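Some notes on the structure that comes next.
The values are calculated or read from the model by the stated rules, or taken from the named source; none is laboratory data. This one's a predicted model, so the numbers in the text were calculated from it and none came from an experiment.
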Amino acid sequence: MVEDYRIKFHTGRAELTGQYTVNRRGNTKAITKYIERYVTPLGEFLPEIWREEAKEEIKAAGEIELLEQVKEHCRNHCAWLKKENELEDYAISCVCNRSYRAWKDFEYEETIIWM
C-alpha cells in the first residue's frame, strides 16, 4: 500500500567510510560521512531508494495521475521548493501521507472501496 511509504521521521548521522587520515601529530582518525535516512512503517530507507520504491508503489496503485496533480499544486503553492527533485519528493510524501485531503483548494475524486 502507498500509505506504508509515509515518512514518520528523518534520521541522520555520521557513519564511518572505512578510510582513515593521519593528522600532523601522527594520530589516525576515522573519516565519517553524513547519511540521511527516512523511517517509514516498512523500515529505514535511503532517500533515493525511498523515492524509487514509493514511486513504483504509486504506479502500481494507479495513482500516478494523482501524483501529477499534487506535484502541480505544490509547484503553484509551495514557494520554498526550488528544485524539481525537492518538488517531486514533497509530492510523493504528500501522496503517501494522504495530506492532500486536507487542502481546501485541491479537488480530487477518490473512489472508496469498502471490503
When (1) assigned to a strand (DSSP E or B); (2) modelled with pLDDT under 95 are applied to Tyr20, the one that fails is (2)
Only one of Glu52, Glu3 is assigned to a helix (DSSP H, G or I), modelled with pLDDT under 95 and not hydrophobic (A, V, I, L, M, F, W, C). Can you tell me which? Glu3
When region 69-108 is checked residue by residue, the ones that are closer than 18 Å to Ile58 by Cα, part of a loop (DSSP other than H, G, I, E, B) and at pLDDT 90 or above are Arg98
